[in-house]
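The structure under discussion appears below in the form of structure tokens.
The values are calculated or read from the model by the stated rules, or taken from the named source; none is laboratory data. The model shown is predicted, which means the values in this text are computed figures rather than measured ones. Please note: Cβ atoms are built from the backbone with ideal geometry, for glycine as well, and neighbour counts cover all protein chains shown. Protein only, heavy atoms only, side chains kept; ligands, DNA and RNA dropped before computing areas. Shrake-Rupley method; radii C 1.70, N 1.55, O 1.52, S 1.80 Å.
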Amino acid sequence: MISRLWRGRTTVANADAYEHLLRTKILPGIHRVKGYRGAYLLRRNIPEGVEFATLTLWESLDAVRAFAGEDYEVAVISPEARRLLSSFDQRSLHYETILEPE
């Protein structure tokens, strides 16, 4: 299994709207991609506002490519999400998942 880690930051004023967008549109929409295995959504306050990290789980790098394209490290960000983000990682990190919760 592959874990894809990405981070984005919002202002405090946009944080709840961004979280709502992730929970109701973005993450549920990814379920349609074959090989998607779920996600963790993390949130923390930082001096610049609020940072979100998404850790999405995939069966393989081929499944990640089906979601993100051939250059699979490039961040996939909807226009609606871009409007709420103040900054974000341009590229995602990918890890081979060697231990999962039981």
- Message: If I filter region 69-90 down to residues being in contact (Cβ under 8 Å) with a residue 60 or more places away in the chain and not aromatic (F, W, Y), which single residue comes out as surrounded by the fewest Cβ atoms within 10 Å (Cβ to Cβ)?
- Response: S87
- Hey, among R37, R43, which residue is assigned to a strand (DSSP E or B) and either open to solvent by less than 30 Å² (accessible area, probe 1.4 Å) or farther than 20 Å from M1 by Cβ (or both)? R43
- Query: E100: open to solvent by 50 Å² or more (accessible area, probe 1.4 Å), among the acidic types (D, E) and either part of a helix (DSSP H, G or I) or out of contact with any Gly (no Cβ under 7 Å at 6 or more places or on another chain) (or both), yes or no?
  - Reply: yes
- Where T11 falls short, out of the listed (1) open to solvent by less than 70 Å² (accessible area, probe 1.4 Å); (2) touching a helix residue (DSSP H, G or I) at 6+ places or on another chain (Cβ under 6 Å): (2)
- Message: Only one of V64, V50 is touching a strand residue (DSSP E or B) at 6+ places or on another chain (Cβ under 7 Å), in a helix (DSSP H, G or I) and touching a residue at least 40 places away in the same chain (Cβ under 8 Å). Can you tell me which?
- Response: V64
- Message: So, in region 1-34, how many residues would count as being of a type in the set (A, V, I, L, M), outside any strand (DSSP E or B) and farther than 15 Å from S78 by Cβ?
- Response: 4
